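Student: Got a structure for you, written out below as structure tokens; questions coming shortly.
Read the figures in this text as sums done on the coordinates, not as results from a lab. Only a predicted model underlies this, so the values are computations on that prediction, with no experimental measurement involved. Cβ sites come from the backbone with ideal geometry, for glycine too, and all protein chains shown count toward neighbours.
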Amino acid sequence: MPTDRTIIFDHAGDRIQLIADSYARVTGRSLLPGDRVEADSLWHAAFVVVAHDIEADPVFFYGNRVALELFETDAAQLIRMPSRLSAKAVDRDERERLFERVRRQGFIDDYAGDRVTTTGRQFRIERATVWNLVDTDDAIGGQAARFDAWRWR
């Protein structure tokens, strides 16, 4: 039986490096210490990293170990989940405004917002960085978020 790590790595593929490279490109900072972020290091990071694609209803394609624990899910469920479901229905307009701001600016590093786990538990994200996933041609391939501060509601 494949592990969560294997499922995420197989599904995300080269997009894992895109997460780290885009973060460096748009923020001017490294997501992890060092020049090159390794997929395994990102998986084991002590903070949440999630990413979704650019479909009309974006679906998560990546969540590291901490993200799976926080959202109370497994990899197989996460990679099928539209990212809008990580917010309560009443908070989805705010979430859309967030992504519009990210699309315009490239990234934001002051996001705070309410989220919900797959089991319905609510928590508040604080001080999150959200950025566009951009390739070397500046084509946007989705958005990602990094945060290490949250509190249960």
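Student: Give segment 112-129 a look and list any residue that's among the β-branched types (Val, Ile, Thr) and over 15 Å from residue 50 (Cβ atoms), or say none.
Tutor: Our first condition is that a residue be among the β-branched types (Val, Ile, Thr); within segment 112-129, this holds for 116-119, 125, 129.
119, the sole residue that qualifies.
One line per residue, one yes/no per condition, for (1) closer than 22 Å to residue 151 by Cβ; (2) out of contact with any Ser or Thr (no Cβ under 9 Å at 6 or more places or on another chain); (3) surrounded by fewer than 17 Cβ atoms within 10 Å (Cβ to Cβ):
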site: 54; (1), (2), (3): no, yes, yes
site: 70; (1), (2), (3): yes, no, no
site: 86; (1), (2), (3): yes, no, no
site: 89; (1), (2), (3): yes, yes, yes
site: 94; (1), (2), (3): yes, yes, yes
site: 100; (1), (2), (3): no, yes, yes
site: 116; (1), (2), (3): yes, no, no
site: 120; (1), (2), (3): yes, yes, yes
site: 124; (1), (2), (3): yes, yes, yes
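Student: Within segment 55-66, does at least one residue satisfy the condition of being assigned to a loop (DSSP other than H, G, I, E, B), over 13 Å from the mean Cα position of the chain (by Cα), among the aliphatic types (A, V, I, L, M) and within 16 Å of residue 99 (Cβ to Cβ)?
Tutor: Within segment 55-66, one or more residues are assigned to a loop (DSSP other than H, G, I, E, B), over 13 Å from the mean Cα position of the chain (by Cα), among the aliphatic types (A, V, I, L, M) and within 16 Å of residue 99 (Cβ to Cβ).
Student: Going by the conditions given, is residue 58 on the phi < 0 side of the Ramachandran plot and in contact with a Pro (Cβ under 7 Å, 6 or more places away or on another chain)? If you could, list the steps in order and put the result at the bottom.
Tutor: Numbers: on the phi < 0 side of the Ramachandran plot: yes; in contact with a Pro (Cβ under 7 Å, 6 or more places away or on another chain): yes.
In short, yes.
Matching residues to (1) surrounded by fewer than 16 Cβ atoms within 10 Å (Cβ to Cβ); (2) of a type in the set (Gly, Ala, Ser):
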{"residue": "5", "(1), (2)": "no, no"}
{"residue": "11", "(1), (2)": "no, no"}
{"residue": "18", "(1), (2)": "no, no"}
{"residue": "26", "(1), (2)": "no, no"}
{"residue": "40", "(1), (2)": "yes, no"}
{"residue": "46", "(1), (2)": "yes, yes"}
{"residue": "60", "(1), (2)": "no, no"}
{"residue": "64", "(1), (2)": "no, no"}
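Student: As an exercise: evaluate residue 111 against (1) part of a loop (DSSP other than H, G, I, E, B); (2) among the hydroxyl-bearing types (Ser, Thr, Tyr); (3) more than 23 Å from residue 11 (Cβ to Cβ) and give the number of the one condition it does not meet.
Tutor: (1)
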